[in-house]
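A short reminder: the numbers here are calculations on the coordinates, not readings from a lab. The model shown is predicted, which means the values in this text are computed figures rather than measured ones. Using ideal geometry, Cβ is built from the backbone for each residue, glycine included, and neighbour counts are taken over all protein chains shown.
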Amino acid sequence: MDVALARPVTQLPTGPHAYEIKVDGHRTVLWRTEDGVRLQSRTGRDVTALWMDLALAAMRLPPGTVLDGVM
C-alpha cells in the first residue's frame, strides 16, 4: 500500500496540487474479499478486531470493494 503521509507546511501550495486538512482520526484501508473483511492501519497493522463493528457492516459490500479513509 502506497500512502502519502501528511507533513506540516507554513503555507498552502499553489498551482495544480490537491491537499486536504488533517483532522484527528485513524487512516485505514478496508478490503471486502470473497472470504470476509480486512482492515489495515497506515503502518500495515491488521486492525480488523479493533473495528469489528465496521468489519461486520462491510460484509454487506460486494467482494472486491476497497475503501480508504479516516475513522
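Please sort by residue number the chymotrypsin sites (Phe, Trp or Tyr not before Pro) in the range 11-71 whose DSSP state is loop and whose Cβ has at most 14 other Cβ atoms within 10 Å.
Qualifying residues, ordered by number: Y19.
Between R42 and R7, what is the spin-label point distance in nm, taking each point 7 Å from the Cα along the Cα→C-beta axis?
About 1.4 nm separates the two model spin labels.
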